[in-house]
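See below for the structure under consideration.
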Amino acid sequence: MTYLIAFLIIFLLAVIIIQIGKVTELAAKIRGEEEVARQSSQQQGLWLLIFGIVFLIGCFWSAYYYRNYMFGYGPLTSASEHGADLDYIFNITLVFTGIVFVITHILLFWYSYKYREQQGQKALFFAHDTKLEYIWTAVPAVVMTLLVSQGLVTWNSIFPTLTEEDKYLEIEATGYQFAWDIRYPGADGKLGNKDFRLIDPATNSLGVDWTDEYSVDDVILGGTDKIVLPKDSTIKVRITAKDVLHNFYLPHFRVKMDAVPGLPTSFIFKPIMTTEEFRQQLRAYPEWQVPADPNDPEGKQRWETFEYELACAELCGKGHYSMRRVIEVVSREEYETWIAGQKSFYLENIRGTAADPHKDKLFSNEIKLRARELKSAMEAALKETATDADKTIQLKHVFYKTGSDELSDLSKYELDNLADLMQKNAGVRVELGGHTDNTGDPAANLTLSQKRADNVRAYLINKGIDAARLVSKGYGQDKPLESNDTEEGRQKNRRTELRIISK
Ligand SMILES: [Cu+2]
């Protein structure tokens with residue numbers, strides 16, 4: 001039925017069109033065909049002229065009206081050093097193409113009006129004009145050469161070759177469907193190596209090579225964490241992708257570079273305004289002095305909620321939009337504080353697991369950290385106000401070979417630190433206590449814990465501590481810290497403790 005109605009509608013429409021055509025034909029016959037055509041030409045010539053004028057005025061008006069939304073003007077001047085050069089190139093190009101646009105636009109519509117069909121006027125035909133060919137080849141060629149050479153100069157200044165001596169912060173951005181992972185180099189200032197063969201979606205999504213010591217302190221920002229950058233510092237971004245083509249785009253810094261799987265690219269730029277400074281710049285313009293949320297007129301203004309952003313400028317899939325990330329530019333000092341508070345991915349997620357290639361060694365920062373921990377525990381234990389609990393210190397990093405009383409190689413760091421503290425606090429006497437969990441024979445556990453405590457004592461005596469200051473005692477499984485029902489609890493119960501006897 002629907003089809004029938006649709007068919008009837010189309011059929012009737014066709015009939016109407018044919019009838020209108022017939023009426024026009026008859027009218028033309030009555031008035032003379034030429035006259036009708038001429039009238040139509042007059043009208044269309046006039047309409048074209050009106051359209052030409054309105055459109056041109058509209059172009060200039062809209063460019064003026066929306067000037068504060070365009071990059072390179074007013075509130076949206078570049079927040080990076082090279083950005084001003086890039087904006088300059090864009091503006092030059094706009095001026096040249098603008099001149100050509102205005103001239104061709106006026107000529108196009110003026111001539112279509114001027115040479116509309118009129119009585120006694122005949123079109124002039126010419127097949128070829130060499131002079132004209134020369135002019136319209138030479139003029140664009142000269143202009144293009146100027147623009148391209150100027151552009152190359154700017155390109156070369158934006159992409160300097162950085163050497164080892166240059167001070168810069170190198171970070172890495174890896175795009176994937178649909179997010180960015182941002183890697184910071186940590187305190188050593190260098191990013192560790194990567195190898196795609198090491199990629200493991202669960203534990204090492206970037207394929208970082210943990211055997212490279214530079215990777216040990218690398219920080220990886222995933223998810224939606226803010227990307228923090230220091231102002232007035234040269235930043236080099238290594239840009240890569242894991243699946244499809246993405247594009248690393250920081251519009252406010254005029255940074256834009258493809259992220260290509262298998263082909264690392266990079267971009268060097270220097271932010272010159274903090275987020276707060278950029279907000280203050282926006283604040284002066286009426287476009288930004290409106291409520292950020294139209295439903296909440298009393299809430300924050302648009303300039304107050306402004307954030308720099310990273311966007312993916314490649315249509316990389318249906319979740320493409322979710323690759324947006326907020327960038328915060330802060331002062332150098334604030335950046336140092338922020339990065340110092342970020343956790344190393346390796347130390348948080350890999351250290352001590354089966355994937356840790358450094359199981360049998362300690363890093364210098366860990367040694368320092370442990371020395372500090374033991375020192376502050378000892379200080380607390382020696383205070384006048386120290387409680388019994390304060391006076392018992394867990395030697396957390398003293399280990400033995402499995403099922404044996406022999407000290408493991410890594411225990412020496414903690415014991416050396418302890419020997420050091422014993423030397424500095426010469427009057428202190430301590431008891432070294434060995435503890436086991438409840439697996440196995442209680443009597444054997446008692447013997448094992450005594451032997452272990454004896455070995456710790458022997459190590460310290462060997463380091464020059466007076467034997468009279470050291471008592472060793474095995475407690476076996478009698479003093480558990482936690483329940484022995486879980487592996488975690490048992491692990492806590494297998495321990496070596498130090499107790500201050502007198503000072
Ligand atoms: Cu993308």
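On alpha carbon coordinates alone, what is the Rg over Rh value for the stretch 408-488, Rh being the Kirkwood radius?
On the way: Rg = 14.2 Å, Rh = 13.7 Å.
Rg divided by Rh gives 1.03.
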Practice prompt. List every DSSP H helix in the chain whose Cα atoms extend 15 Å or more along the helix's own long axis and whose mean Kyte-Doolittle hydropathy is at least 1.6.
Written response: 2-31
Worksheet item: When the Cα centres of the stretch 302-316 and the stretch 439-503 are compared, how far apart do they sit, in Å?
Response: 58
Worksheet, complete the sentence: Out of PHE7, VAL208, VAL219 - ranked by how far each Cα lies towards the positive end of the dipole of the chain, with unit charges on the beta-carbon of charged residues - the top one is PHE7
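Between THR305 and ASN68, how high is the FRET efficiency from 1/(1 + (r/R0)^6) when r is the Cβ-Cβ distance and R₀ = 22 Å? Nearest 0.05. Working shown, then result.
Working: r = 17 Å, r/R0 = 0.78.
Computed FRET efficiency for THR305 and ASN68: 0.80.
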Item to complete: Give me the distance between the Cα centres of the stretch 129-167 and the stretch 199-215, rounded to whole Å.
Response: 43
Fill in: Packing-based order for 96-106, 213-223, 317-327, using average beta carbon neighbours within 10 Å, highest first
213-223, 317-327, 96-106
Item to complete: Of the options TYR111, VAL143, LEU169, report the single residue whose Cα projects farthest towards the positive end of the charge dipole of the stretch 111-172 (beta-carbon charges: Lys, Arg +1; Asp, Glu -1).
Response: TYR111
Worksheet item: What's the Cα-based Rg to Rh of the stretch 1-156, Rh via Kirkwood?
Response: 1.19
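Which order results if PHE278, PHE306 are arranged by neighbouring Cβ count within 10 Å, fewest first? Walk me through the numbers on the way to the answer.
Working: PHE278 22, PHE306 19.
Ranking PHE278, PHE306 by Cβ neighbours within 10 Å, fewest first, gives PHE306, PHE278.
Give, in nm to one decimal, the length gained when the segment between VAL102 and LEU132 is fully stretched (0.36 nm per residue of separation minus the Cα-Cα distance).
Working: separation 30, 0.36 × 30 = 10.80 nm, distance 1.98 nm.
Working it through step by step, the gained length comes to 8.8 nm.
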Worksheet item: How big is the stretch 227-269 in terms of Cα radius of gyration and Dmax, in angstroms?
Response: 11.0, 33
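For the chain, give the magnitude of the charge dipole about the Cα centre (Cβ charges: +1 Lys/Arg, -1 Asp/Glu; no others), in debye to the nearest 20.
Working: 58 positive and 68 negative charges, 80 e Å.
Value, rounded to 20: 380 debye.
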Worksheet entry | Peptides 307-313, 248-254, 127-133 ordered by average Cβ neighbours within 10 Å, highest first | 248-254, 307-313, 127-133
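If packing is taken as the mean number of other Cβ atoms within 10 Å per residue, what is the order of 49-56, 451-458, highest first? Kindly include the intermediate steps, with their values, before the conclusion.
Numbers: 49-56: 13.5, 451-458: 20.5.
Output ranking for 49-56, 451-458: 451-458, 49-56.
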Worksheet item: List the lysines whose alpha-carbon lies under 25 Å from that of LYS167, not counting same-chain residues fewer than 8 positions away?
Response: LYS190, LYS194, LYS226, LYS231, LYS236, LYS256, LYS270, LYS343
Discussion item. Over the Cα atoms, compute the radius of gyration (one decimal) and Dmax (the largest Cα-Cα distance, rounded to a whole number) for the chain, in Å.
Written reply: 39.0, 134
Discussion item. Quick check on the stretch 169-350: of the DSSP beta bridges with both residues there, what percent are antiparallel, nearest 5%?
Written reply: 70
Discussion item. If amide hydrogens are placed 1.01 Å from N in the peptide plane, which non-local residues have theirs closer than 5 Å to the one on ASP209?
Written reply: ASN193, LYS194, ASP195
Fill in: Charge dipole (debye, nearest 20) of the stretch 37-117; +1 at Cβ of Lys and Arg, -1 at Cβ of Asp and Glu
540
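By how many nm would the segment from THR93 to ALA389 lengthen if fully extended, with 0.36 nm per residue of separation less the alpha-carbon distance?
On the way: separation 296, 0.36 × 296 = 106.56 nm, distance 7.54 nm.
Value of the extension gain: 99.0 nm.
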Worksheet entry | Alpha-carbon spread of the stretch 364-502, three principal axes, descending order, Å | 40, 33, 32
Fill in: Over the chain: helical MRE at 222 nm, DSSP H runs n ≥ 4 each giving -39500 (n - 2.57), nearest 500
-14000 deg cm²/dmol
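In debye, nearest 20, what is the charge dipole magnitude of the stretch 364-502 about its Cα centre with +1 on Lys and Arg Cβ and -1 on Asp and Glu Cβ, if you could check?
Working: 23 positive and 23 negative charges, 88 e Å.
Its charge dipole is roughly 420 debye.
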Worksheet item: Semi-axes of the stretch 169-350's equivalent ellipsoid from the Cα gyration tensor, sqrt of 5 times each eigenvalue, largest first, rounded to whole Å?
Response: 30, 19, 15
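Return the percentage of antiparallel bridges among DSSP beta bridges fully within the chain, rounded to the nearest 5 %.
Numbers: 39 of 56 bridges.
Percentage antiparallel, nearest 5: 70.
Values quoted throughout were computed directly from the atomic coordinates according to the rules given, and no laboratory measurement underlies them. The shown structure was predicted, so the numbers you read here are calculated from the model rather than taken from an experiment. Because the Cβ atoms are built from the backbone with ideal geometry, glycine has one as well, and the counts that use them run over all protein chains shown.
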